[in-house]
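Taking it in order: structure first as structure tokens, then the write-up.
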Amino acid sequence: MVAGVSTAILREENGSMPTQPHPVTTSEVVHRAVEVCEIGEVDDRLGDFLARFEDADEPIRAIADVELRLDEALEAIAPDWENLSLPPDSSLAMARAVAVYLAFRRDEIDSEATKLLRLAARAEYHGAPPPAVREWLHAAGVAV
């Protein structure tokens with residue numbers, strides 16, 4: 001019984017207990033991260049990053065090492081993604097940063113893109129992103 005309400009009343013039509021809010025999946029997190037990082041010219045590598053997670057229906061909180069899982073996917077797409085000497089490297093780095101941020105702040109998944117980019121950059125780079133990322137963020141209209 002929950003606050004005087006029978007659990008039978010709380011059950012959904014299919015007989016299971018409702019999970020409000022539903023657990024955010026790895027696929028949803030990566031999709032949102034790629035979505036907010038698609039600025040300017042199309043970067044096919046962002047699409048490749050998204051494709052690696054499109055069927056990842058497990059809750060993001062169930063992954064023991066989110067950063068490692070994302071890094072492995074990025075290294076398969078662009079082994080030099082951490083180089084950060086080219087703008088596409090910055091878009092991949094920021095997609096990773098947003099995904100990691102959302103893994104821990106799932107409640108922010110629907111936040112405005114510029115807000116997510118700003119918060120993820122602050123969390124990932126402790127407020128001091130590398131010059132290439134800073135330039136990429138500036139081009140996206142994000143002040144860190």
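No lab work stands behind these numbers, since they all come straight from the coordinates. Bear in mind that the values here come from a model prediction, so they are computed numbers and not experimental data. Backbone-built Cβ (ideal geometry, glycine too); neighbour counts: all protein chains shown.
Residues with beta-carbon under 11 Å from that of ILE60, excluding ILE60: net charge, scoring Lys, Arg +1 and Asp, Glu -1? Please list the in-between numbers first.
Numbers: positive: ARG32, ARG61, ARG69, ARG105, ARG106; negative: GLU28, ASP57, GLU58.
Around ILE60, the surrounding residues sum to +2.
Amide H to amide H distances under 5 Å link THR25 with ILE60, where only residues 5 or more positions off or on other chains count and H is placed in the peptide plane.
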